[in-house]
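Throughout, read-outs are computed from the coordinates displayed, never taken from laboratory work. In this text the structure is predicted, and so the values were computed from the model without any measurement. Counting neighbours? That spans all protein chains shown, and the Cβs are built from the backbone with ideal geometry, glycine included.
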Amino acid sequence: MRTNFTAAQLTDPAIAEADQILQTCVHYGFCTNTCPTYVLTRDENDSPRGRIDLIRAMLEQGGRPAAKTVHHLDRCLSCLSCMTTCAVKVDYVHLIDRARVHIEQHYKRPLADRATRALLAYVLPRPRLFAAAMKAGRLAQPFASILPKRLRAMLTMIPARASSDILAPQVFPAEGPRKKRVALLAGCAQQALNDNINAATIRLLQRHGCEVVIADGAGCCGSLPLHMGRENEAKGFAQTNVAAWSRGSFDAIIVNASGCGTTVKDYGHLLGSDDAKRIGALTRDVTEILHDIGLKTPPNPRAYRVTYHDPCSMQHGQKVIDQPRALLRAASFQVADVPEKHFCCGSAGTYNLLQSEIAEALGQRKAAHIESTTPDIVATGNIGCMTQLNRYLGTPIVHTVELLDWATGGPLPPALEGVDLPEPSTLHAATAPDTPTADAGFW
């Protein structure tokens, strides 16, 4: 793609990077058929190729972007499916982030939109505040039908069970000989939405010889504000985490929310410092380190049929695809894939709160594909996907670590309490091999 930035514009490192990315796009169009918004709308401006053109024109012009441009860029999920299918590997993730920063700095949104975004950017990264906000939201749920659509969407995603265990800085010793010393990103929104994910992660890592440290000062990874264009806030969170983890010596930084993991692994790009690059290189999804260590033999094999949903940030962002499946199989579960598994479920950070109509269509589409595999249980590695899909699924959904913890001696995941799971003797695939399903609709 040809660009027309001025010499003065190219002295800005951010514009210079955007220029290099833009020039790599050759408009082959492979990305269009794997872009969820384009598949839904058939509008070229809602495709990666179309958005790249909009970004080029916006950045070349500078200043206030057109409302139409903002509309179509806001509808991008940042699912990164386009990067997986792009023949020339355009660095779209950093391009769309740069575009969002430009919009945040130069475009004045309507007052209600500005207020909503500011509220989300402030509340979600602070787990105690977010937990309190959800308690208040439960009081408003009976009145949801008379509230604006965006507020209704927020209220429907509040879980029935409140989380209260916000982790303080501490050390959890390894069981038996210590194999690794790791820092766990406790996270922000996830702690308020489902505290059992961290609890299961810690038990599982301890059981497999890891000393687990919750570092003093570590908090939100920065991804939520970053993807709303609030770059300075994101950098602040990232710098705080890098400083917290740099005060200790760790074999790995463990993340159990794939959206956070994608951001932390990219700290080197976000901050540019040597410490940030080192922390990014140390970061692993929890399934990556468990796969390296090797899962303990399950004491009580449970051959339930588990359909595994790939979070976009896991499969397209981190390229962690095989490890979760291998671990679930090692834990004796029958693993099924989701048809059209490359396609986003519509969660995408705050997307399902800000773009509720498209998110709902994608959530229903994904849930239908999942249910077509007739699972006993659904597993995934991202709290956002769990929260989104729980609205549309009739099957319980849990985090992968909750199943692995249960299989290797931990308690039953709370989401499975009271669920009428089949008896081991009547499991429909107890002795059959895994039955992966076709990735229908990829092209």
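For the residue pair Ala16 and Thr41, what label-to-label distance in nm results when each label sits 7 Å from Cα along the Cα-to-beta-carbon direction?
For the pair Ala16/Thr41, the computed spacing is 3.4 nm.
Which of the residue pairs Lys180/Lys296; Lys68/Lys149; Lys235/Lys277; Lys265/Lys366; Lys180/Lys277; Lys235/Lys265 have a Cα-Cα distance greater than 18 Å in the structure shown? Could the numbers behind the result be given before it?
Values: Lys180/Lys296 16 Å; Lys68/Lys149 21 Å; Lys235/Lys277 14 Å; Lys265/Lys366 27 Å; Lys180/Lys277 21 Å; Lys235/Lys265 14 Å.
Flagged as over cut-off: Lys68/Lys149; Lys265/Lys366; Lys180/Lys277.
Taking a virtual spin label 7 Å from the Cα of Asp322 along the C-beta vector, which residues in segment 285-311 bring their backbone nitrogen under 17 Å of it?
Those under the cut-off are 285, 287-295.
What is the distance in Å between the Cα centres of segment 339-364 and segment 213-262?
Cα centres, segment 339-364 to segment 213-262: 25 Å.
Could you sort the peptides 401-409, 170-178 by per-residue average Cβ neighbour count (10 Å cutoff), highest mean leading?
Put in order of decreasing packing, that is 401-409, 170-178.
Which FRET efficiency value, to the nearest 0.05, is calculated for Arg178 and Arg138 with the Förster distance at 51 angstrom and r the Cβ-Cβ distance?
The calculated FRET efficiency here is 0.75.
Quick one: angle between helix 111-123 and the longest Cα principal axis of the chain, in degrees between 0 and 90, rounded to 10, please.
40 degrees
With +1 on each Lys and Arg Cβ and -1 on each Asp and Glu Cβ, and nothing else charged, work out how big the dipole of segment 9-106 is about its Cα centre, in Debye to the nearest 20.
Working: 10 positive and 12 negative charges, 45 e Å.
The dipole magnitude comes to about 220 debye.
Calculate the FRET efficiency for Glu60 and Asp274 from the Cβ-Cβ distance with a Förster distance of 25 Å, rounded to the nearest 0.05.
Between Glu60 and Asp274 the formula returns 0.15.
In what sequence, highest mean first, do 24-32, 227-235 appear when ranked by Cβ atoms within 10 angstrom?
227-235, 24-32
Relative contact order for the chain: what percent, with Cα pairs under 8 Å and sequence separation of 6 or more?
14 percent
Using Cβ-Cβ distances only, list the Cys residues of the chain with no partner cysteine under 4.7 Å, sorted by number.
Cys with no partner Cβ under 4.7 Å: Cys25, Cys35, Cys76, Cys86, Cys210, Cys345, Cys385.
Can you tell me how much longer the chain between Gln23 and Asp216 gets when fully stretched, taken as 0.36 nm per residue apart minus their C-alpha distance, in nm with one decimal?
Working it through step by step, the gained length comes to 65.2 nm.
Measure out, as a whole number of angstrom, how far apart the alpha-carbon centroids of segment 1-51 and segment 128-206 sit.
Taking the Cα centre of segment 128-206 as reference, the centre of segment 1-51 is 36 Å away.
Between Arg152 and Ala8, with labels modelled 7 Å along Cα→Cβ, what's the label distance in nm to one decimal, could you check?
Distance between the two pseudo-spin positions: 4.9 nm.
So how strong a dipole does segment 297-426 carry about its Cα centre when Lys and Arg Cβ are +1 and Asp and Glu Cβ are -1, to the nearest 20 debye?
Dipole size: approximately 280 debye.
For Tyr122 and Phe30, what does the FRET efficiency come to when R0 = 41 Å and r is the distance between their Cβ atoms, rounded to the nearest 0.05?
0.60
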